[in-house]
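The values are calculated or read from the model by the stated rules, or taken from the named source; none is laboratory data. Just so it is clear, the structure is predicted and the values come from calculations on it, not from any experiment. Backbone-built Cβ (ideal geometry, glycine too); neighbour counts: all protein chains shown.
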């Protein structure tokens, strides 16, 4: 089976910063594949390369070496509209002061399917309404984005991505602004999309416990490189996490799901 997306020995470096004499951050020899219908988690501490990886996957950045393949084809050779119909990125938030309604923003997800159209079609509106219903924001359709809470905006940008009808959904900290109820609903929605629609998901998160619960496999990154990639239980072991995150942790089994749960060990004095 052809992977949905694949990185082969990808390298990328930002320009050096002459003021402080430091080189720019770099991705180093990164290789992995995401299969159709897989939930693939990307974890790691701050400045490990997770955001740069999202930009490489979505063709915002191009690798200096190696290649990114989308369904077996080099992503750099594909029209941008083709990439946008296949891959939808859900950012952590929308820019402040975004002067659009919820429905208008969600309809923007339909643009790659008809980039030369001036107006959305009836099918576009139907897809947008389906996506808003799935994410629980249908009753906010006429509200302005800048008047919503952070959690509401997060669900709206997820609806916009779903309206694209992508084959790969890339999520950047999808539960960062959500309370416990909507975190649980978000996880449930991702599972339904994955199982019912066969949607491939790349989940980038600082939340190790959510990643452990949702993902089929994990990529642990540090300093722009892969530390470990594999099954959840193989990646989330105490010595590796302690080395990468620089703090003691305890890894236990959840009593209900039997998945790993990670707890930092707090100093006692």
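Could you list, in sequence order, all residues of region 146-165 that are surrounded by fewer than 19 Cβ atoms within 10 Å (Cβ to Cβ), at pLDDT below 90 and either within 15 Å of the chain's Cα centre (by Cα) or farther than 15 Å from residue 100 by Cα (or both)?
Correct list: 150, 151.
Please give the strands (runs of 3 or more DSSP E) falling wholly within region 180-265 in which 3 or more residues are touching a residue at least 60 places away in the same chain (Cβ under 8 Å) and touching a strand residue (DSSP E or B) at 6+ places or on another chain (Cβ under 8 Å).
Strands (runs of 3 or more DSSP E) meeting the threshold: 200-204, 217-222, 225-231.
Can you confirm whether residue 189 is crowded, with 24+ Cβ neighbours inside 10 Å, at pLDDT below 95 and out of contact with any helix residue (DSSP H, G or I) (no Cβ under 6 Å at 6 or more places or on another chain)?
Considered against the rule, which asks whether it is crowded, with 24+ Cβ neighbours inside 10 Å, at pLDDT below 95 and out of contact with any helix residue (DSSP H, G or I) (no Cβ under 6 Å at 6 or more places or on another chain), residue 189 comes out as no.
Please verify whether region 131-144 includes one or more residues that are at pLDDT below 90, at positive phi and assigned to a loop (DSSP other than H, G, I, E, B).
Taking every residue of region 131-144 in turn, at least one turns out to be at pLDDT below 90, at positive phi and assigned to a loop (DSSP other than H, G, I, E, B).
For the subset of region 91-105 comprising residues that are surrounded by fewer than 18 Cβ atoms within 10 Å (Cβ to Cβ) and free of Cβ contacts under 8 Å to residues at least 40 places away in the same chain, which member is nearest to residue 27 (Cα to Cα)?
95
Please state which one of 195, 167 is in contact with a helix residue (DSSP H, G or I) (Cβ under 7 Å, 6 or more places away or on another chain) and under 29 Å from residue 3 (Cβ atoms).
167
Within region 36-56, count every residue that is within 15 Å of the chain's Cα centre (by Cα) and under 19 Å from residue 1 (Cβ atoms).
Residues meeting the conditions: 4.
Can you tell me which residue among 142, 55, 65 is closer than 22 Å to residue 201 by Cβ and surrounded by fewer than 17 Cβ atoms within 10 Å (Cβ to Cβ)?
Going through 142, 55, 65 in turn, the sole match is 55.
Just the residues that are closer than 27 Å to residue 110 by Cβ, touching a residue at least 24 places away in the same chain (Cβ under 8 Å) and touching a strand residue (DSSP E or B) at 6+ places or on another chain (Cβ under 7 Å), please, taken from region 52-74.
Those that are closer than 27 Å to residue 110 by Cβ, touching a residue at least 24 places away in the same chain (Cβ under 8 Å) and touching a strand residue (DSSP E or B) at 6+ places or on another chain (Cβ under 7 Å): 53, 54, 56, 57, 58, 61, 68, 69, 70.
For region 195-212, which residues satisfy the criterion of being under 18 Å from residue 252 (Cα atoms) and surrounded by 17 or more Cβ atoms within 10 Å (Cβ to Cβ)?
Within region 195-212, 207, 208, 210, 211, 212 qualify.
Within region 116-127, does at least one residue satisfy the condition of being touching a helix residue (DSSP H, G or I) at 6+ places or on another chain (Cβ under 7 Å) and under 23 Å from residue 54 (Cβ atoms)?
No: region 116-127 contains no residue that is touching a helix residue (DSSP H, G or I) at 6+ places or on another chain (Cβ under 7 Å) and under 23 Å from residue 54 (Cβ atoms).
Of the residues 88, 81, which single one is buried (at least 16 other Cβ atoms within 10 Å of the Cβ) and under 30 Å from residue 2 (Cα atoms)?
Just one listed residue meets the conditions, 88.
Scan region 85-106 and tell me whether some residue there is in a helix (DSSP H, G or I), under 23 Å from residue 42 (Cα atoms) and at pLDDT below 85.
no
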